[in-house]
1. Which numbered condition in (1) buried (at least 17 other Cβ atoms within 10 Å of the Cβ); (2) more than 22 Å from residue 141 (Cβ to Cβ) is the only one that residue 206 fails?
2. With the condition kept exactly as written, say whether any residue in the stretch 119-128 is under 27 Å from residue 147 (Cα atoms), modelled with pLDDT of 95 or more and surrounded by fewer than 17 Cβ atoms within 10 Å (Cβ to Cβ).
3. Which is more than 23 Å from residue 194 (Cβ to Cβ), assigned to a loop (DSSP other than H, G, I, E, B) and within 18 Å of the chain's Cα centre (by Cα), of 105, 136, 129, 118?
4. Residue by residue through the stretch 181-194, note down the ones that are buried (at least 16 other Cβ atoms within 10 Å of the Cβ) and on the phi < 0 side of the Ramachandran plot.
5. Name the residues in the stretch 218-249 that are more than 19 Å from the chain's Cα centre (by Cα), crowded, with 18+ Cβ neighbours inside 10 Å and closer than 23 Å to residue 179 by Cβ, would you?
6. So, of the residues in the stretch 250-265 that are part of a helix (DSSP H, G or I) and under 20 Å from the mean Cα position of the chain (by Cα), which turns out to be farthest from residue 133 (Cα to Cα)?
7. Name the residues in the stretch 211-227 that are touching a residue at least 24 places away in the same chain (Cβ under 8 Å) and over 25 Å from residue 104 (Cα atoms), would you?
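The values are calculated or read from the model by the stated rules, or taken from the named source; none is laboratory data. If you're wondering where the values come from, they're calculated on a predicted model, not measured in any experiment. Quick reminder, even Gly has a Cβ in these numbers, built from the backbone with ideal geometry, and neighbours come from all protein chains shown.
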C-alpha cells in the first residue's frame, strides 16, 4: 500500500522495494519547481524536507540515483549553486518525496534549503549521470563504506535489498561519523539491523569525547575494520563507497578514477568490486 505524505517520515519506514528502471523520474533535464510541504528537524544539524509532486505521482527514481537541487542562490563567482541529493523516500511514496539534508555552517545549499518554509519552492532536475548502480546488484555480499551524508544512497540500496522477500544478499556496513550525535538515520538503521539477519552495521567515530558512553570503534575506517567487518576480495562481493573526498582518497581513490587505490586497492579489491558513488 502506498504511503501518503501527511505525517509520513521515511526515517521511520520499513524497508520497501519499489524499484523502477531509469528513465521514469518525475523530473527531467530542465529545472522544475517543487513546493516544500513540511520540514522536520531530525538531529542537531539535519532536517527532513518533504517536497510536493503532482497528486498520486511517485518520484520514479531508479535505485541509488540522485537528483540535482537548486534554490536559486549563487556563489561568490555568480554561479548558480547546484547540489546532488539522493532522496531517502522510495517510489512507494506518492505525491511527494523526501530529502535528508545535513546543514553545514558554510554550506550555501544546505543553509538555503533548511531555511525554506512550507509553501516556498526549490527546483530540481535529473540527468543521465545521476543514474547510479542498479538493483539487483548481482552479488552474494554487499559491503558499504559510508561517511556522513553518504548514507543516503545506501538507504536506497537497503530498501531494495531488505524489502525484496526472496533476496538473500548479506550486507555489512562501516559507517564513519565524527560523533554519535552526527549519525544520520541512526534509529532507522538500528531498527532495520535488529529486524534482519542479513544486515550488520559497525559505527566508527572520529571525534567522540573520551568520557562518553560510546563503546564502539573510534578513529577512522581502517584496514583492520575492513578486514574484520566487510567481505574480502576473494568473495562474491560488491563494496559501495560514499562519503567526503578525503574518505575516497584514503579508501579507494578519487570518485572520477576507475582504478581502485588506497586501502581497498592494497587489500586486493578489483575495480569491478568497488562502486564509488
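1. It is condition (1) that residue 206 fails.
2. So in the stretch 119-128, the residues under 27 Å from residue 147 (Cα atoms) come out as 122-128.
Add one more test, that the residue is modelled with pLDDT of 95 or more, and what stays is 122-128.
Retained after the next criterion (residues that are surrounded by fewer than 17 Cβ atoms within 10 Å (Cβ to Cβ)): 127-128.
Within the stretch 119-128, one or more residues are under 27 Å from residue 147 (Cα atoms), modelled with pLDDT of 95 or more and surrounded by fewer than 17 Cβ atoms within 10 Å (Cβ to Cβ).
3. On inspection, the qualifying residue turns out to be 136.
4. Let us first name the residues in the stretch 181-194 that are buried (at least 16 other Cβ atoms within 10 Å of the Cβ), namely 182-186, 188-189, 191-193.
182, 183, 184, 186, 188, 189, 191, 192, 193, listed by residue number.
5. 225, 226, 229
6. Start the filter on the stretch 250-265 by keeping residues that are part of a helix (DSSP H, G or I), which leaves 250-251, 262-265.
From what is left, the residues that are under 20 Å from the mean Cα position of the chain (by Cα) are 250-251.
Details: 250: 22, 251: 19 Å.
This residue is 250.
7. First, pick out the residues of the stretch 211-227 that are touching a residue at least 24 places away in the same chain (Cβ under 8 Å): 212, 214, 220-223, 225-227.
Hits for the stretch 211-227 are 222, 223, 225, 226, 227.
Residue by residue, here is whether (1) in contact with a strand residue (DSSP E or B) (Cβ under 9 Å, 6 or more places away or on another chain); (2) farther than 23 Å from residue 18 by Cβ; (3) in the same structural domain as residue 15 (by TED's automatic domain parsing) holds:
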{"residue": "149", "(1), (2), (3)": "yes, no, no"}
{"residue": "164", "(1), (2), (3)": "no, no, no"}
{"residue": "198", "(1), (2), (3)": "yes, no, no"}
{"residue": "208", "(1), (2), (3)": "yes, yes, no"}
